[in-house]
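*Asks:* Okay, handing you the structure first.
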Amino acid sequence: MTLATNPPAALGVAADDLRDRILVAGRWTQGRGDRIESVDPATGRVFATLHAATTEDVDIAVREAAAAVRTSGWDRMLPHERAAVLHRIGNAIEANRDRIAALQTLDTGKTLTETRALTTSAANTFRYMAAAAETMDATLTTPRGPWLTMSTHRPMGVIAAITPWNSPIASDAQKLAPALAAGNAVVSKPPVWAPWVTLLLARLCAEAGLPQGILSVLPGPGRTVGEALVEHPDVAKVTFTGGTSTGRRLAHLAAEKLMPVTLELGGKSPTIVFADADRERALRGVLYGIFSSSGQSCIAGSRIFVQRAIFDDFTDELVERAARLRLGPGTDPRTDIAPMIAVRHRDSVARMVEDAVAAGARVRCGGAVPTEARLAEGAYYPPTVLTDVGNDARICQEEVFGPVAVVLPFDDEDDLIAQANDTVYGLACGVWTQDYRRALRVADAVAAGTVWINTYKQFSISTPFTGLRDSGLGTEKGRDAVRQYCEQKSYYLDLADQPLTWGTHPAEGLS
């Protein structure tokens, strides 16, 4: 691995956005932990270094965040006043879209088309949650006695937000915006592999008027920084997006504190093509559902079920189109499949494919690390389609998190539903058919928190997102997302004409 010769400037990334500083309780300081080397996935070159946070940094950030909530008045600020800050943050993100997108492409390898879209999504998320905060009314409940009764929501205090490396800016916004809108402080732990966008977002938040200490950003290993956040007595809730095994570990730690968690975890999502589907629409949607983001998406449609009557023809066309997808750096506008996050992750994906082939799977396209000179130094892996494998195979049951699809046949709805639900996951599903009655039957029968019909991987911040089974706990997005970061509180106001009568006995035997 070699040190790049000033590639950030060539990509439009300012040196100021790569300072070796983390944000601890409103102070930019060098982390106390080990040095992290940030590697450009397209070239394999180190482009910056950063010192990680430690458990000591966690303790300082959390304790001072708890104090900042009280002393700054952030938790008592009127909702429209907090909303004004969130609107300014959203506007700042939008104004810096190209700057953020270039930094995220450098850090994660994603195409600029995708990182620009993610940045726009993040800006809209902050503005939507600002509006949600302004309209989050208290509830005047139906009286069941001589009282006026109402229910309100109050901020929890300090929220720990642990975000993934595959879509940093969008994941940041999805957690920070509702938590801040509710009046909480947030201590964010971005991934070691992609910390820079979160640090830039923190600077934009400060410039937009977020009080000092309300946001900290602590990059570092999950086993130290992440677990220290979950275990800290002043953290009131943890929201985490990542792998299922890590989520289960964090949930166990949180249970010791009786602390709520929101977990967005893994998936092995089925995408289903019936014989009557619009062929062109289905082919394009299936390709996008598995191969966009280089397959590094929890909702990737990695198990492609095709009705047997069209299985051969559809699979042949899918393979032909997948083989035409272009691998290249995220900065090249012609790129379809950008590099993966790191060579280590790329190699783990390659091993899973190799194991599947050894177990009998047939490679229809891809299936090997590219050897072209222009791709040799990057973390590239081609779009890969496998067939001749049963749904019980490891490649069909475990999340690959890469551009690898398995195509499986099905005969009828009962067969399809049995196979689609034969998984520990329940995150997403796609259904392709022109019969909407059938589409809705299947959508209802398949265990998945989100179902797309005749489209795939489309999102709206106004629509709740949740995982079933091993795909997670709790809900993100939607108007009620702010309440996920609140404690509910009820009030009784006495309206009776007389005081309570309990314990009012007549005097006996007194002289």
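*Asks:* How large is the convex hull of the C-alpha atoms of the stretch 29-142 per residue, in Å³?
*Replies:* Details: hull volume 18.6 nm³, N = 114.
Each residue corresponds to 164 Å³ of Cα convex hull volume.
*Asks:* Sticking with this one: Have a look at Q458, T501, G472 and report the one farthest towards the positive end of the charge dipole of the stretch 450-505, computed about the Cα centre with Cβ charges (Lys/Arg +1, Asp/Glu -1).
*Replies:* Q458
*Asks:* Kirkwood hydrodynamic radius, computed over distinct alpha-carbon pairs, for the chain: how many Å, to one decimal? Intermediate results must be reported in sequence, preceding the final value.
*Replies:* Numbers: mean 1/r = 0.0411 Å⁻¹.
Result for the chain, one decimal place: 24.3 Å.
*Asks:* If neighbour count is taken as other Cβ atoms inside 10 Å, put L180, L386, L18, L495 in order from fewest to most. Before the final figure, lay out the partial values.
*Replies:* Values: L180 28, L386 24, L18 20, L495 11.
With the sparsest Cβ surroundings first, the list reads L495, L18, L386, L180.
*Asks:* Moving on. Could you tell me which trypsin sites (Lys or Arg not before Pro) in the stretch 270-359 are loop residues by DSSP with no more than 14 other beta carbons within 10 angstrom of their beta carbon? Spell out each step's value before the answer.
*Replies:* On the way: sites: R279, R281, R284, R303, R308, R321, R324, R326, R334, R344, R346, R351; in loops: R326, R334.
When the trypsin sites (Lys or Arg not before Pro) of the stretch 270-359 are filtered for loop state and at most 14 Cβ neighbours within 10 Å, R326, R334 remain.
*Asks:* Would you work out which of V349, I417, L427 lies farthest towards the positive end of the dipole of the stretch 294-448, given +1 charges on the beta-carbon of Lys and Arg and -1 on that of Asp and Glu, about the Cα centre?
*Replies:* Among V349, I417, L427, the one farthest towards the positive end of the dipole of the stretch 294-448 is V349.
*Asks:* Additional query: In the chain, what is the count of Lys pairs whose alpha carbons are under 13 Å apart, counting only pairs at least 8 residues apart or on separate chains? Could the numbers behind the result be given before it?
*Replies:* Numbers: K175/K189; K175/K237; K175/K477; K237/K257.
So the count of such lysine pairs works out to 4.
*Asks:* At a threshold of 8 angstrom on Cα-Cα distance, excluding pairs fewer than six apart, so keeping six or more, what relative contact order does the stretch 270-453 reach in percent? Mind dumping the intermediate values first?
*Replies:* Working: 330 pairs, mean separation 51.7, N = 184.
Reported as a whole number, the value is 28 percent.
*Asks:* Quote the relative contact order of the chain in percent (integer), defining contacts as alpha-carbon pairs under 8 Å separated by 6+ residues.
*Replies:* On the way: 1130 pairs, mean separation 88.4, N = 511.
This gives 17 percent for the chain.
*Asks:* Okay, next question. Jot down the per residue volume, in cubic angstrom and as a whole number, of the convex hull over the alpha-carbon atoms of the stretch 429-511.
*Replies:* Numbers: hull volume 21.4 nm³, N = 83.
So the per-residue hull volume is 258 Å³.
*Asks:* Okay, next question. For helix 196-207, what angle does its Cα long axis make with the longest principal axis of the chain, in degrees from 0 to 90 and rounded to 10?
*Replies:* 40
*Asks:* Step through the residues of the stretch 417-434 one at a time and calculate ³J(HN,Hα) from phi using the Karplus curve (6.51 cos²θ - 1.76 cosθ + 1.60, θ = phi - 60°), rounding each to whole Hz and writing x for Gly and Pro.
*Replies:* 5, 4, 6, 4, 8, 7, 6, 7, 9, x, 9, 9, 7, x, 10, 10, 6, 8
*Asks:* Can you sort K457, K110, K489, K237 by how many other beta carbons sit within 10 Å, fewest first? Spell out each step's value before the answer.
*Replies:* Values: K457 20, K110 29, K489 11, K237 23.
Ascending number of Cβ neighbours within 10 Å: K489, K457, K237, K110.
*Asks:* Follow-up. Using θ = phi - 60° and the Karplus relation 6.51 cos²θ - 1.76 cosθ + 1.60, list the HN-Hα couplings for the stretch 290-300 in order, rounded to whole Hz, with x at every Gly or Pro.
*Replies:* In residue order, the calculated couplings are 9, 9, 5, 6, 6, x, 8, 8, 5, 9, 4 Hz.
*Asks:* Using a 10 Å cut-off around each Cβ, can you sort L215, L325 from fewest to most neighbouring Cβ atoms?
*Replies:* Details: L215 26, L325 17.
The order, fewest Cβ neighbours first, is L325, L215.
*Asks:* Moving on to the next point. Output wanted: per-residue J couplings in Hz (rounded whole) for the stretch 71-81, from phi through Karplus 6.51 cos²θ - 1.76 cosθ + 1.60, θ = phi - 60°, x for Gly and Pro.
*Replies:* Couplings: 6, 7, x, 4, 6, 9, 4, 4, x, 5, 6 Hz.
*Asks:* Related question: Mind putting a number on the dipole of the stretch 325-477 about its Cα centre? Charges go on the C-beta only, +1 for Lys and Arg and -1 for Asp and Glu, and I need it in Debye to the nearest 20.
*Replies:* Details: 15 positive and 21 negative charges, 118 e Å.
In total the dipole reaches around 560 debye.
*Asks:* Further question on the same structure: So what is log10(I(q)/I(0)) for the stretch 33-90 at q = 0.13, 0.16, 0.21 1/Å, when the Debye sum runs over its Cα atoms only?
*Replies:* Taken in order of the listed q values, log10 I(q)/I(0) reads -0.65, -0.77, -0.84.
Any read-out appearing in this document is the output of simple, stated calculations on the displayed coordinates, not a laboratory observation. Because the structure is a prediction, the values reported are computed rather than measured. Here the Cβ is made from the backbone with ideal geometry for all residues, glycine too, and neighbour counts use every protein chain on show.
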